[in-house]
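J.: Can you read through this structure? Questions will come right after.
The values are calculated or read from the model by the stated rules, or taken from the named source; none is laboratory data. Keep in mind that what you see is a predicted model, and the values were worked out from it rather than measured. We place every Cβ from the backbone using ideal geometry, glycine too, and count neighbours over all the protein chains shown.
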Amino acid sequence: KWPRGDESVWKQGLRSVNTDVPSITKSIVNHVQTSLARQAYNLDDLGAYQAAALSVRDDLILNWNDTQIHYTQKTPKRAYYLSLEFLMGRTFDNALLNLGLKDQYREGITKLGFNMEDLLEQERDAALGNGGLGRLAACYLDSSASQELPVWGYGLRYQYGIFQQLISPEGQQLEQPDPWLAGGENPWELPRLDVTYEVRFYGTADRLPGGRALWQGGQEVLAVAYDVMVPGCYTKNTNNLRLWESKPKRGFDLNSFNAGDYEHAVESSNSAAAITSVLYPNDHTTFGKELRLKQQYFWTAASLADIVRRFKNIAKPFSEFPDYVAIQLNDTHPTLAIPELMRILVDEEEIPWGKAWDIVTNTVFYTNHTVLPEALEKWPVPLMEHLLPRHMQIIYDINLSFLQAVEKKFPGDRDRLARMSLIEEGFPKQVRMAHLACIGSRKVNGVAELHSELVRTTILKDFVEFEGLSKFSNVTNGITPRRWLDQCNPELSALITKTLKVDKSVWLKDLDRLKELLPYAEDAAFRKEWAAIKQRNKERLAHHVETTLGLTVNTNAMFDVQIKRLHEYKRQTLNILGVIHRYLKLKQMSAAERKKVNPRVVFFAGKAAPGYYIAKLTIRLIVNAARIINADPDTRDLLTVYFLPDYSVSLAEVLIPSSDISQHISTAGTEASGTSNMKFCLNGGLLVGTVDGANIEIAEAVGENNVFFFGHLTPAVEDLRYQHMYRPVPVEEKCPALANVLDKISSGMFGDGEVYEPLLNTIRQGDFYLLTDDFDSYIGALDMVDKAYLDKEEWIKKSIRTTANMGKFSSDRAILEYAESFWSIEPIKVP
Ligand code: NBY
């Protein structure tokens, strides 16, 4: 039944998605005139982009509305992906492709006198994430919508994303803020100023009879919702990413005001806005700052309040909560969701503790993304008690019954109790978030087979022994082929569509169809097309480097790419030392010998955490080595090196399709999965890597003969580290080639050698990441690459076979595994 007014009048007013060129141009012009208050006379590329974006936004809103109403009416079980990071990149191109409207928009935009590529470049990246973990969340949103799954993301609307990276002439990384919202309206979000929740910090928690408590006082801030539309690929389904912004509740805090503490009252209203002001730029180290803990609680509390309110709308008893809600924790950052849901159920809904715990542990799921000890989150108990007094009580209560159960199963095993406790003894005591996430969840998973095994056998070993194996599983990461093939490599996408003779919407959502490319590896004409596309992608990258940095790139060379956050475990240092080794070898060669060498261009890009001194030194070494090597007339036709500043999703979209090889060379057992490895291989780049993370599964899928593996395996790492500690062998003895490289750096070949000593000393002493152990085998692998590249036709075959076998690594496969084996949710198509 029509809810309001005259149905026919309403129906006349309703519009549908613009799909033909005349309605598209009409809509764009309309936005130029009214939304932007401009005209053809004063419209630049930025204005034209904004108008076109607003036009697409209208379409997304229509689909988004229909999707949300449909979900509300059908009341399916929903899943919520809680992530402190969503590294979305640009939206315009992705939305056009997913809507299937790119060609129409291109035509319309051309008719209006603009160039599509220029407009796409106007958009700023939404860079609300550090690296792989944040980008994974973005890929999973794309896949959820594309697979028509009822999934929402919850995150924070940071005013400033990951910092912008500048490189000084000396090679020093400099950071600048990323005010991504400063350009005015963000067309891709819907402010929901009516959707707000109050979030409390500090105050006192007084226990009441019956296990409940009363938490009051302290500071209250407001969470305001901003909804980001997430369109699926060739479906009406358009999911929601809800980002929270913090605001003062009412100009100032009334409690302090009434108590006469006026200054404090205003202070806390300023501090409210600070909560969502900036993304923390640390990956793999925990920082222990109060503001970070405030971010975590602010976001989990607002998200849970929203989830519980939506559940209450369907008027079911709380015992059925897990039948309607699944909550996925992206790492331990949202672990406070566990005590917060307990608080809501026990204190507010008056559900008995045991029943509440059953609800929580059937609703929450936890994904671990690292086994590096320095990355495991711990929060000081005094800070927790101060900021979240009720949650600290709840954590102690959970810990008490948990340890009683452990004691019952393993009587008298005090060491085990100490190891497993949620509280680590010390000064101060700390809450171990991974332990809390583990015992509060239905399932715990790692992100690649090897990593999941390491989770089971190292950091959560005791928990496997206590709770049984079945709770601990694996979901190997994936990437969305929409952005990471169709969008970033349109020519390859078109060739695949032509070759498979199916609509691209089919294979893009069923990536195993790529297998059908395999026979074409034997087809010389197809190989020629394949190679020509790679070549044009190299030229596109070269053009980008030329226009942004003013440098000329040799596009006849092999393109060798390593792009990721700077970290010792990822071993960019190994790569640059290998480059210097290559340079020294070239210098020693005769002119005749050099003629036989295949030219190589090595690209690096990535950000270092601002406080990570050694990582910044690595950047400095890369930049200064590049300066010397690129200027050497003896070798510069055969070897050049580029450090591309300010790595981003958009830069990755240009780099990835251009690579012949890419490097994923972490010390075995340290890279949980890696996801850029998948992106390169999907685009026909071959992999040079260690036997680590998802590299292993990629090799299984594409065939060991199509990857270049090197280095020690995970089981050897512990012993090698022990040797470095207790029976150290000088680098000169263990690896003369490497020692020679280190000496050249020390002696000032790339500028003041002193500068690099702290970096070089990490290798000379301790060598925790095993560069001396893996260097020779690394150089060996690169030599194999050179040999293989000589046979061009065979190389192209490898490239085709690699792409053809990458179907498994679609994030559609990954998200369907989560949906089926964890969340028990089903696709629900919006008609
Ligand atoms: O998650 C990455 C892993 O290193 C990579 O192997 C994996 O493929 C990817 C997706 O599963 N982890 C990652 O990116 N982690 C972070 O960015 C991160 C950010 C913040 C914090 C810790 C880690 N933090 O503690 O604040």
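J.: Report whether or not LEU241 is aliphatic (A, V, I, L, M), more than 21 Å from LEU181 (Cα to Cα) and surrounded by 14 or more Cβ atoms within 10 Å (Cβ to Cβ).
T.: Taking the combined requirement at face value, the residue does not satisfy it.
J.: Which fully enclosed helices (runs of 4 or more DSSP H) of segment 22-115 have 1 or more residues being under 30 Å from GLU320 (Cα atoms)?
T.: Output list reads 45-74.
J.: Can I ask one more? Say whether the condition of being away from the ligand (no atom under 16 Å from the Cβ) and within 24 Å of GLY203 (Cα to Cα) is met by at least one residue in segment 310-323. Let's see the steps before the verdict.
T.: We begin by selecting, within segment 310-323, every residue away from the ligand (no atom under 16 Å from the Cβ); these are 310-323.
When the remaining residues are screened for being within 24 Å of GLY203 (Cα to Cα), the result is none.
Looking through segment 310-323, none of the residues is away from the ligand (no atom under 16 Å from the Cβ) and within 24 Å of GLY203 (Cα to Cα).
J.: Kindly provide the set of residues from segment 521-572 that are of a type in the set (D, E, K, R) and within 16 Å of the ligand (Cβ to nearest atom), ordered by number.
T.: Residues satisfying the conditions are LYS564, ARG565, GLU568, LYS570, ARG571.
J.: List every residue pair whose Cβ atoms sit under 9 Å apart, with the two residues 6 or more apart in sequence or on different chains, where the first one lies in segment 288-310 and is under 15 Å from VAL221 (Cβ atoms) and the second, anywhere, is modelled with pLDDT under 95.
T.: LEU291/SER271; LYS294/SER271
J.: OK, next. Does segment 609-626 contain at least one residue that is within 13 Å of the ligand (Cβ to nearest atom), crowded, with 21+ Cβ neighbours inside 10 Å and either aliphatic (A, V, I, L, M) or within 20 Å of THR555 (Cβ to Cβ) (or both)?
T.: The answer is yes; a qualifying residue exists.
J.: For segment 233-285, give me each residue that is more than 16 Å from the ligand (Cβ to nearest atom), in contact (Cβ under 8 Å) with a residue 24 or more places away in the chain and at positive phi.
T.: TYR234 - this is the single residue of segment 233-285 that is more than 16 Å from the ligand (Cβ to nearest atom), in contact (Cβ under 8 Å) with a residue 24 or more places away in the chain and at positive phi.
J.: Out of curiosity, is LEU738 aliphatic (A, V, I, L, M), in contact with a Ser or Thr (Cβ under 8 Å, 6 or more places away or on another chain) and buried (at least 17 other Cβ atoms within 10 Å of the Cβ)?
T.: Yes, satisfied.
J.: Do any residues in segment 404-424 that are in contact (Cβ under 8 Å) with a residue 24 or more places away in the chain have Cβ atoms under 7 Å from those of residues that are of a type outside the set (Asp, Glu) and assigned to a loop (DSSP other than H, G, I, E, B), where the two are at least six apart or on different chains, and which pairs are they?
T.: ARG416/PHE410; ILE423/LYS429
J.: For segment 119-131, give me the residue count where each residue is within 12 Å of the ligand (Cβ to nearest atom) and either assigned to a strand (DSSP E or B) or crowded, with 24+ Cβ neighbours inside 10 Å (or both).
T.: Result for segment 119-131: 2.
J.: Shifting gears a bit: Just one of the numbered conditions (1) in a strand (DSSP E or B); (2) more than 16 Å from the ligand (Cβ to nearest atom); (3) not small (Gly, Ala, Ser) is not true of GLU148; which one?
T.: Condition (1) is where GLU148 drops out.
J.: While we're looking at this one, here's another question. Please report, ordered by residue number, the helices (runs of 4 or more DSSP H) entirely within segment 244-361 with at least 1 residues that are under 26 Å from the mean Cα position of the chain (by Cα), closer than 29 Å to ALA672 by Cα and aromatic (Phe, Trp, Tyr).
T.: Hits in segment 244-361: 290-313.
J.: Six or more apart or on different chains, Cβ atoms under 7 Å: show the pairs whose first residue is in segment 34-45 and in the same structural domain as THR110 (by TED's automatic domain parsing) and whose second is part of a loop (DSSP other than H, G, I, E, B) and modelled with pLDDT of 95 or more.
T.: Going by the 7 Å Cβ cut-off, the qualifying pairs are ASP45/PHE114; ASP45/GLN122.
J.: Give me the pairs, please: first residue somewhere in segment 116-139 and acidic (Asp, Glu) and modelled with pLDDT of 95 or more, second residue anywhere and part of a helix (DSSP H, G or I) and away from the ligand (no atom under 12 Å from the Cβ), beta-carbon distance under 8 Å, and either six or more positions apart or on two chains.
T.: ASP118/ASP45; GLU121/ASP45; GLU123/TYR49; GLU123/ALA53; GLU123/PHE92; ASP125/VAL649; ASP125/SER650
J.: If you don't mind, another one. For TRP299, all conditions in the list (1) farther than 22 Å from GLY153 by Cα; (2) within 16 Å of the ligand (Cβ to nearest atom) hold save one; what is the number of the exception?
T.: (1)
J.: Looking only at helices (runs of 4 or more DSSP H) that fall completely inside segment 713-831, which ones have 3 or more residues that are of a type outside the set (Asp, Glu)? I'd like the intermediate steps shown before the answer.
T.: On the way: elements: 714-726, 731-734, 736-746, 757-764, 771-790, 792-804, 811-817.
Correct list: 714-726, 736-746, 757-764, 771-790, 792-804, 811-817.
J.: Here's a check for you: in segment 498-523, which residue that is touching a residue at least 60 places away in the same chain (Cβ under 8 Å) and not charged (D, E, K, R) is surrounded by the most Cβ atoms within 10 Å (Cβ to Cβ)?
T.: This residue is LEU508.
J.: Let me ask you something else. Return a yes/no flag: does segment 772-791 have any residue that is touching a strand residue (DSSP E or B) at 6+ places or on another chain (Cβ under 6 Å), hydroxyl-bearing (Ser, Thr, Tyr) and crowded, with 20+ Cβ neighbours inside 10 Å.
T.: Within segment 772-791 (the criterion being touching a strand residue (DSSP E or B) at 6+ places or on another chain (Cβ under 6 Å), hydroxyl-bearing (Ser, Thr, Tyr) and crowded, with 20+ Cβ neighbours inside 10 Å), the answer is yes, since at least one residue qualifies.
J.: Let me ask another. Starting from residues that are closer than 30 Å to ARG135 by Cα and β-branched (Val, Ile, Thr), keep the ones in segment 330-358 and report whichever is nearest to the ligand (Cβ to nearest atom).
T.: THR332
J.: Given segment 508-612, what helices (runs of 4 or more DSSP H) lie entirely inside it while holding 3 or more residues that are under 30 Å from HIS284 (Cα atoms)?
T.: Of the helices (runs of 4 or more DSSP H) lying wholly inside segment 508-612, those with at least 3 residues that are under 30 Å from HIS284 (Cα atoms) span 572-588.
J.: Can you name the residue in segment 672-692 that is within 11 Å of the ligand (Cβ to nearest atom) and in contact with a Lys or Arg (Cβ under 7 Å, 6 or more places away or on another chain) and, of all such residues, is nearest to ALA814 (Cα to Cα)?
T.: THR675
J.: Kindly indicate the residue of segment 71-116 that is of a type in the set (Gly, Ala, Ser) and more than 16 Å from the ligand (Cβ to nearest atom) and also surrounded by the fewest Cβ atoms within 10 Å (Cβ to Cβ) among those meeting that condition. Working first, answer last.
T.: Just the residues of segment 71-116 that are of a type in the set (Gly, Ala, Ser), to begin with: 79, 83, 89, 95, 100, 108, 113.
Next, from what is left, pick out any that are more than 16 Å from the ligand (Cβ to nearest atom): 79, 95, 100, 108, 113.
Details: ALA79: 23, ALA95: 23, GLY100: 16, GLY108: 25, GLY113: 9.
Per the criteria, the residue is GLY113.
Yes or no, residue by residue, for (1) modelled with pLDDT of 95 or more; (2) surrounded by fewer than 20 Cβ atoms within 10 Å (Cβ to Cβ); (3) touching a Phe, Trp or Tyr at 6+ places or on another chain (Cβ under 7 Å); (4) farther than 26 Å from TYR71 by Cα:
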| position | (1), (2), (3), (4) |
| --- | --- |
| THR196 | yes, yes, no, no |
| VAL199 | yes, no, yes, yes |
| ASN282 | no, yes, no, yes |
| THR285 | no, yes, no, yes |
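J.: Which of the residues belonging to segment 631-671 are hydroxyl-bearing (Ser, Thr, Tyr) and away from the ligand (no atom under 13 Å from the Cβ)?
T.: Step one: of segment 631-671, the residues hydroxyl-bearing (Ser, Thr, Tyr) are 635, 640, 642, 647-648, 650, 658-659, 662, 666-667, 670.
Once the filter is applied, which keeps residues that are hydroxyl-bearing (Ser, Thr, Tyr) and away from the ligand (no atom under 13 Å from the Cβ), segment 631-671 yields THR635, THR640, TYR642, TYR647, SER648, SER650, SER658, SER659, SER662.
J.: How do the pairs read when you match residues in segment 179-191 that are more than 13 Å from LEU54 (Cα to Cα) with residues anywhere that are not polar (S, T, N, Q), using Cβ under 7 Å and keeping only pairs 6 or more apart or on different chains?
T.: PRO179/TYR160; TRP180/ARG124; TRP180/ALA126; TRP180/ALA127; TRP180/GLY161; GLY183/ARG124; PRO191/TYR226
J.: Taking the options ALA525, ALA521, ALA532, name whichever one is within 23 Å of LEU655 (Cα to Cα) and not polar (S, T, N, Q).
T.: Exactly one residue qualifies, and that residue is ALA532.
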